[in-house]
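Report on the structure given below.
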Amino acid sequence: MQENGGRVGQVGRVGRVGQVGQVGKMFDKIADKKIRDAIKEGEFDNLPGAGKPIDLEEYFRTPEHLRMAHSILKSANCVPQEVELINEVARLERGLADAKTDEERAALGRTLAARRTELSLALDRARRATRPT
């Protein structure tokens, strides 16, 4: 251990923390420069939702332990099974309304009923999973 003004072991620990802090500051400066350069080049000009307030209601409605996972999945354009089923039910309902023949309506009706059942089960599972114990 090193000695520093009567305090044993302080120099080594402070030195490491100081180095980590310096590296962090260096990364901050690099990130700031890249952001400023991107702004100058107009890379942020036509982003989706530009000029609109950020809606954080859905974010805070999500249980804290799931927020990071949901954020990653959303960024990767992955949606939960429930959302996929909701979208499929809507598509099938439109198809049923546009169906030309009785056979087509019957087939779409059977598929729609099955998807609605799957959706109901998936929503029930999700409710049970998020319900406090």
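FYI, it's all coordinate maths here, none of it is from the lab. Since the model is a prediction, treat every value here as computed from it, not as a measurement. Cβ placement follows ideal geometry from the backbone for every residue including glycine, while neighbour counts extend to all protein chains displayed.
Got the relative contact order for the range 54-128 handy, in percent, Cα pairs under 8 Å and 6 or more residues apart? Write down the numbers at each step before the final one.
Values: 25 pairs, mean separation 22.9, N = 75.
Across the range 54-128, relative contact order equals 31 percent.
For the range 59-133, build the charge dipole from Cβ charges (+1 Lys, Arg; -1 Asp, Glu) around the Cα centre, then report which of Thr130, Ala114, Ala76 sits farthest towards its positive end.
After comparing all options, I get Thr130.
Assuming 0.36 nm per residue, please report the length gained on full extension of the stretch Asp98 to Asn77 beyond their Cα-Cα distance. Write out the running numbers ahead of the final one.
Details: separation 21, 0.36 × 21 = 7.56 nm, distance 2.89 nm.
Extending this stretch completely gives an extra 4.7 nm.
Give, in nm to one decimal, the length gained when the segment between Glu64 and Asp28 is fully stretched (0.36 nm per residue of separation minus the Cα-Cα distance). Walk me through the numbers before you get to the answer.
Values: separation 36, 0.36 × 36 = 12.96 nm, distance 2.70 nm.
So the chain would gain 10.3 nm between Glu64 and Asp28.
Show me the ranking of peptides 63-73, 107-117 by mean Cβ neighbours inside 10 Å, starting with the highest. List each step's numbers first, then the result.
Values: 63-73: 10.9, 107-117: 14.2.
The densest-packed peptide leads the list: 107-117, 63-73.
Expected output is a single nm value to one decimal: the length gained when fully extending between Arg110 and Ile86, i.e. 0.36 nm times separation in residues minus the C-alpha distance. What is it?
Values: separation 24, 0.36 × 24 = 8.64 nm, distance 1.60 nm.
Value of the extension gain: 7.0 nm.
Over the Cα atoms of the range 54-128, how large are the radius of gyration and the largest Cα-Cα distance (Dmax), in Å?
Taking only Cα atoms of the range 54-128, I get Rg and Dmax of 16.1, 49 Å.
Tell me the net charge near Lys74. Cut-off is 15 Å between Cβ atoms, Lys74 excluded, with +1 for each Lys or Arg and -1 for each Asp or Glu. Present the calculation step by step, with values, prior to reporting the outcome.
Numbers: positive: Arg61, Arg67; negative: Asp55, Glu57, Glu58, Glu82, Glu84.
Net local charge, Lys74 excluded: -3.
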